[in-house]
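Working notes, beginning with the structure itself.
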Amino acid sequence: MTERILLTPGPLTTSPETKAAMLVDHGSWDEDFRSLTARIRQRLLAAAGGSRSHTVVPLQGSGTYAVEAAIGTFVPRQGKILVLQNGAYGKRMARVVEALGRRMTTVAVPETRPISPVQVASALNADPDITHIGMVHCETGTGLLNPVDEIAAVVRDQGRRMIVDAISTFGALPLDIGHWPADAVVGSANKGLESVPGFVFAFSTPEALTAAAGNSASLSLDLADQWRYMEETGQWRFTPPTHTVAALDRALDQLEAEGGIPVRHRRYRDNMATLLAGVRALGFETLLPDHLQAPVILTVLTPGDPAFSFQDLYALMKQRGFILYPGKTTDAASFRIGCIGAITPAVMERAVAALDASLRDLGMRDRAPATPLEPVA
Ligand SMILES: Cc1ncc(COP(=O)(O)O)c(C=O)c1O
């Protein structure tokens, strides 16, 4: 098969070494696999800053499973969660809360604006019943980075707890998890850690996990039970994603060799800078102002030229070896290009050249959006 570069926010492009780690079969009860599980847990904690107060609970599934498990495990059945919304994943978090039947209130702002810590403070002041806030760090629907440290300070001042969806940022950006008043910070193997899909994980504290025992109404998504069993036996409660655990261990070797998360963050920033400069030079406009843009995924506004068709562009880019991200998750007409994964600025330059060639194939001259956006403050 020809080399394929995924310009998507996960699953993403993985290295040959990470893929090769999956060529070995592991018995789920075997001592080697038990050691592998212990090792990836210890390495994930080290990547999170090595805080001694924390532990990490891996869980089978995708990002939504982690969010659902965290809310179901930590928000008490009589509790109430304030969900912060400025995009697709904040909205999904609210759907999770509804499905779980927990009481909820929301702070919602347009998708081109970050959540304001002042708004969070006044929502918490107005409602002493709120026990938790739930927020998304990088809204992968648009690529917007929410001010998690500032919001964490407000939540701490108010004596409440948080659940942070760091699915698209853990591994990609340095995070100050140890200082957040968080019952859970959830991340995924197949984003900034550059491994394959199959499992997710929640950073928490033994105190929070112990206090949450018996709270979850789900057995398979009970992080407290998963943690207790893993601590006692060294094993996963139910069939583990053996190959993908091995892949993450290999991917963590590469994270270490690269110099850790701060160095990876720099590469992603360079990838994003190359992509941004490239698409702008081609005449495109992008959704977000630069200061709100996370180095994860770029939302490009759909051009008004009738010769443009995303499906055709997707097919032409695929012929050139690049997979774009289909699926519209923004209110504005747009498409997205990811810049995370085992890719470099040189790859982003080739992607921009492929974009230029594909647009010429489409016969497109004007790349300006149909409806220019209002300027964002
Ligand atoms: C920030 C964030 N939260 C949650 C999810 C949900 O993950 P999934 O659709 O894989 O369940 C994603 C997926 O990209 C995400 O980026």
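Total lysine pairs in the chain at Cα distances under 25 Å, for residues eight or more apart or on different chains: 8.
Shown here for segment 1-99: chymotrypsin sites (Phe, Trp or Tyr not before Pro) in loop regions (DSSP other than H, G, I, E, B) with at most 16 other Cβ atoms within 10 Å, namely Trp29. Along segment 266-273 the Karplus relation, 6.51 cos²θ - 1.76 cosθ + 1.60 evaluated at θ = phi - 60°, assigns HN-Hα couplings of 5, 4, 5, 5, 5, 4, 5, 4 Hz to successive residues, with x for each Gly and Pro.
Restriction of the chymotrypsin sites (Phe, Trp or Tyr not before Pro) in segment 313-342 to DSSP coil positions whose beta-carbon has at most 11 other beta-carbons within 10 angstrom yields no sites.
Footprinting exposure proxy ranking of Thr73, Thr64, Thr299, fewest other C-beta atoms within 10 angstrom first, gives Thr64, Thr299, Thr73. Applied to segment 128-143, the Karplus parametrisation 6.51 cos²θ - 1.76 cosθ + 1.60 on θ = phi - 60° returns per-residue 3J(HN,Hα) values of x, 6, 5, 9, 9, 10, x, 9, 9, 6, 9, 6, 5, x, 10, x Hz, with x for Gly and Pro.
Here, segment 260-362 has an Rg and a Dmax of 13.3, 45 Å when only alpha carbons are counted. Per residue, the convex hull spanned by the Cα atoms of segment 186-253 amounts to 100 cubic angstrom. Between Ala38 and Glu285, residue separation times 0.36 nm minus the direct Cα-Cα distance comes to 84.3 nm.
Centre-to-centre, using Cα atoms only, segment 270-288 and segment 82-124 are separated by 29 Å.
Annotation note: trypsin sites (Lys or Arg not before Pro) in segment 32-62 located in DSSP loop regions with a Cβ neighbour count of at most 15 within 10 Å are Arg52.
If you bin all the Cα-Cα distances of segment 16-257 at 5 Å, starting from zero, the percentages per bin are 1, 7, 15, 19, 20, 16, 11, 6, 3, 1, 0, 0. Taking the inverse of the mean reciprocal distance over all distinct Cα pairs, the Kirkwood hydrodynamic radius of segment 118-258 comes to 16.6 Å.
For segment 138-214, the ratio of Cα radius of gyration to the globular rule of thumb 2.2 N^0.38 Å stands at 1.15. In this structure the amide hydrogen of Thr55, modeled in the peptide plane, comes within under 5 Å of the amide hydrogens of Ser204, Thr205, none closer than 5 places in sequence on its chain.
Looking at segment 16-257 alone, DSSP beta bridges between its own residues are antiparallel in about 40 percent of cases. Relative contact order for the chain: 24 percent, from Cα pairs under 8 Å spaced at least 6 residues apart, divided by residue count.
All of the numbers you see were taken from the coordinates with simple rules; none came from a lab. Predicted, not measured: the structure shown is a model, and the values here were computed from it. Please note: Cβ atoms are built from the backbone with ideal geometry, for glycine as well, and neighbour counts cover all protein chains shown.
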